[in-house]
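The values are calculated or read from the model by the stated rules, or taken from the named source; none is laboratory data. This is a predicted model, so every value here is computed, not measured. Backbone-built Cβ (ideal geometry, glycine too); neighbour counts: all protein chains shown.
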(Lines give C-alpha, C1' and ligand atoms only; values in the text may rest on other atoms or scores of the structure.)
Protein backbone atom coordinates (compact mmCIF):
# COMPACT_ATOMS: atom_id res chain seq x y z
CA UNK A 1 0.00 0.00 0.00
CA UNK A 2 2.85 2.35 0.84
CA UNK A 3 4.55 1.62 -2.50
CA UNK A 4 1.35 2.43 -4.38
CA UNK A 5 1.02 5.71 -2.47
CA UNK A 6 4.65 6.53 -3.23
CA UNK A 7 4.12 5.87 -6.95
CA UNK A 8 1.11 8.21 -7.04
CA UNK A 9 3.05 10.82 -5.08
CA UNK A 10 5.98 10.59 -7.51
CA UNK A 11 3.63 10.85 -10.49
CA UNK A 12 2.00 13.91 -8.96
CA UNK A 13 5.38 15.51 -8.25
CA UNK A 14 6.58 14.89 -11.81
CA UNK A 15 3.34 16.29 -13.23
CA UNK A 16 3.56 19.40 -11.02
CA UNK A 17 7.21 19.91 -12.02
CA UNK A 18 6.37 19.63 -15.70
CA UNK A 19 3.43 22.00 -15.53
CA UNK A 20 5.20 24.54 -13.32
CA UNK A 21 8.29 24.62 -15.52
CA UNK A 22 6.34 24.88 -18.75
CA UNK A 23 7.22 27.78 -20.92
CA UNK A 24 3.58 28.11 -21.91
CA UNK A 25 0.75 25.93 -23.17
CA UNK A 26 0.82 25.07 -26.85
CA UNK A 27 -2.07 27.36 -27.72
CA UNK A 28 0.06 29.51 -29.99
CA UNK A 29 0.17 27.63 -33.30
CA UNK A 30 3.29 29.50 -34.38
CA UNK A 31 5.23 27.69 -31.61
CA UNK A 32 4.08 24.23 -32.66
CA UNK A 33 6.08 22.47 -35.35
CA UNK A 34 4.45 20.50 -38.12
CA UNK A 35 5.92 17.30 -36.63
CA UNK A 36 4.39 18.11 -33.21
CA UNK A 37 0.95 18.61 -34.76
CA UNK A 38 1.21 15.40 -36.78
CA UNK A 39 2.25 13.37 -33.73
CA UNK A 40 -0.52 14.89 -31.58
CA UNK A 41 -3.06 14.11 -34.31
CA UNK A 42 -1.82 10.52 -34.67
CA UNK A 43 -2.04 10.01 -30.90
CA UNK A 44 -5.56 11.48 -30.83
CA UNK A 45 -6.70 9.25 -33.71
CA UNK A 46 -5.14 6.21 -32.02
CA UNK A 47 -7.10 6.78 -28.84
CA UNK A 48 -10.34 7.63 -30.61
CA UNK A 49 -10.13 4.48 -32.71
CA UNK A 50 -8.66 2.21 -30.03
CA UNK A 51 -5.78 1.53 -32.43
CA UNK A 52 -2.86 0.05 -30.50
CA UNK A 53 -0.74 -0.41 -33.64
CA UNK A 54 -1.01 3.27 -34.58
CA UNK A 55 -0.28 4.35 -31.01
CA UNK A 56 2.71 1.97 -30.84
CA UNK A 57 4.13 3.63 -33.97
CA UNK A 58 4.41 6.81 -31.87
CA UNK A 59 6.34 5.13 -29.05
CA UNK A 60 10.04 5.28 -28.30
CA UNK A 61 11.87 1.92 -28.56
CA UNK A 62 11.72 1.69 -24.75
CA UNK A 63 8.78 3.32 -22.99
CA UNK A 64 7.33 3.73 -19.51
CA UNK A 65 3.77 2.36 -19.40
CA UNK A 66 1.42 2.65 -16.42
CA UNK A 67 -2.22 1.55 -16.41
CA UNK A 68 -3.35 1.80 -12.81
CA UNK A 69 -6.71 0.02 -13.28
CA UNK A 70 -4.87 -3.02 -14.69
CA UNK A 71 -2.08 -2.85 -12.10
CA UNK A 72 0.42 -2.44 -14.94
CA UNK A 73 3.53 -0.48 -14.04
CA UNK A 74 6.53 -0.86 -16.35
CA UNK A 75 9.38 1.65 -16.10
CA UNK A 76 10.99 0.30 -19.28
CA UNK A 77 9.17 -1.89 -21.76
CA UNK A 78 9.70 -2.40 -25.48
CA UNK A 79 7.31 -0.73 -27.87
CA UNK A 80 6.28 -4.19 -29.14
CA UNK A 81 5.32 -5.35 -25.63
CA UNK A 82 3.55 -2.05 -25.01
CA UNK A 83 1.53 -2.52 -28.20
CA UNK A 84 0.21 -5.88 -26.96
CA UNK A 85 -0.73 -4.41 -23.56
CA UNK A 86 -2.44 -1.43 -25.24
CA UNK A 87 -4.34 -3.78 -27.56
CA UNK A 88 -5.68 -5.65 -24.53
CA UNK A 89 -6.53 -2.34 -22.82
CA UNK A 90 -8.52 -1.10 -25.83
CA UNK A 91 -10.36 -4.43 -26.07
CA UNK A 92 -11.37 -4.22 -22.40
CA UNK A 93 -12.12 -0.48 -22.61
CA UNK A 94 -13.45 0.33 -26.10
CA UNK A 95 -13.21 4.07 -26.86
CA UNK A 96 -16.08 6.50 -26.87
CA UNK A 97 -14.11 9.75 -26.90
CA UNK A 98 -10.63 11.15 -26.43
CA UNK A 99 -9.67 14.79 -26.18
CA UNK A 100 -6.65 16.76 -25.07
CA UNK A 101 -7.14 18.77 -21.91
CA UNK A 102 -3.70 20.37 -21.90
CA UNK A 103 -0.60 20.40 -24.06
CA UNK A 104 2.66 22.06 -23.13
CA UNK A 105 6.45 21.99 -23.21
CA UNK A 106 9.16 22.22 -20.60
CA UNK A 107 11.87 22.89 -23.18
CA UNK A 108 12.54 22.35 -26.87
CA UNK A 109 13.08 18.60 -26.39
CA UNK A 110 10.25 17.76 -23.98
CA UNK A 111 6.50 17.93 -24.62
CA UNK A 112 3.63 16.71 -22.52
CA UNK A 113 -0.04 16.13 -23.10
CA UNK A 114 -2.90 15.43 -20.75
CA UNK A 115 -6.06 13.96 -22.19
CA UNK A 116 -9.32 12.37 -21.17
CA UNK A 117 -10.27 8.96 -22.51
CA UNK A 118 -13.85 7.81 -22.12
CA UNK A 119 -14.61 4.17 -22.74
CA UNK A 120 -17.80 2.22 -22.47
CA UNK A 121 -16.64 0.96 -19.08
CA UNK A 122 -14.53 3.66 -17.42
CA UNK A 123 -13.02 7.12 -17.78
CA UNK A 124 -9.27 7.70 -17.71
CA UNK A 125 -6.91 10.65 -17.44
CA UNK A 126 -3.99 10.07 -19.81
CA UNK A 127 -0.54 11.59 -19.24
CA UNK A 128 1.78 11.48 -22.25
CA UNK A 129 5.41 12.59 -22.14
CA UNK A 130 7.00 13.12 -25.55
CA UNK A 131 10.74 13.53 -26.13
CA UNK A 132 12.75 14.55 -29.17
CA UNK A 133 14.32 11.42 -30.67
CA UNK A 134 16.30 13.30 -33.32
CA UNK A 135 16.31 16.68 -35.06
CA UNK A 136 12.76 16.47 -36.43
CA UNK A 137 11.14 13.49 -34.69
CA UNK A 138 9.32 13.28 -31.38
CA UNK A 139 8.26 10.00 -29.75
CA UNK A 140 6.21 9.01 -26.71
CA UNK A 141 8.57 8.25 -23.83
CA UNK A 142 5.96 7.82 -21.07
CA UNK A 143 2.26 7.07 -21.10
CA UNK A 144 0.14 6.74 -17.97
CA UNK A 145 -3.54 5.83 -17.66
CA UNK A 146 -5.16 6.95 -14.41
CA UNK A 147 -8.72 5.84 -13.76
CA UNK A 148 -10.89 8.75 -12.82
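Conditions (1) assigned to a strand (DSSP E or B); (2) more than 22 Å from residue 138 (Cα to Cα); (3) touching a residue at least 40 places away in the same chain (Cβ under 8 Å); (4) in contact with a strand residue (DSSP E or B) (Cβ under 6 Å, 6 or more places away or on another chain), marked per residue:
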position: 83; (1), (2), (3), (4): no, no, no, no
position: 88; (1), (2), (3), (4): no, yes, no, no
position: 96; (1), (2), (3), (4): yes, yes, no, yes
position: 100; (1), (2), (3), (4): yes, no, yes, yes
position: 103; (1), (2), (3), (4): yes, no, yes, yes
position: 112; (1), (2), (3), (4): yes, no, yes, yes
position: 121; (1), (2), (3), (4): no, yes, no, no
position: 125; (1), (2), (3), (4): yes, no, no, yes
position: 128; (1), (2), (3), (4): yes, no, yes, yes
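Do you know which of the residues in the range 133-148 that are farther than 17 Å from residue 57 by Cβ and in a strand (DSSP E or B) is farthest from the chain's Cα centre (by Cα)?
Applying the filter and picking the extreme gives 147.
Count, please, the residues in the range 43-73 that happen to be surrounded by fewer than 14 Cβ atoms within 10 Å (Cβ to Cβ) and in contact with a helix residue (DSSP H, G or I) (Cβ under 8 Å, 6 or more places away or on another chain).
Residues meeting the conditions: 3.
What's the number of the condition residue 76 fails, among (1) surrounded by 13 or more Cβ atoms within 10 Å (Cβ to Cβ); (2) under 15 Å from residue 56 (Cα atoms); (3) modelled with pLDDT under 95?
Of everything listed in (1) surrounded by 13 or more Cβ atoms within 10 Å (Cβ to Cβ); (2) under 15 Å from residue 56 (Cα atoms); (3) modelled with pLDDT under 95, residue 76 misses just condition (1).
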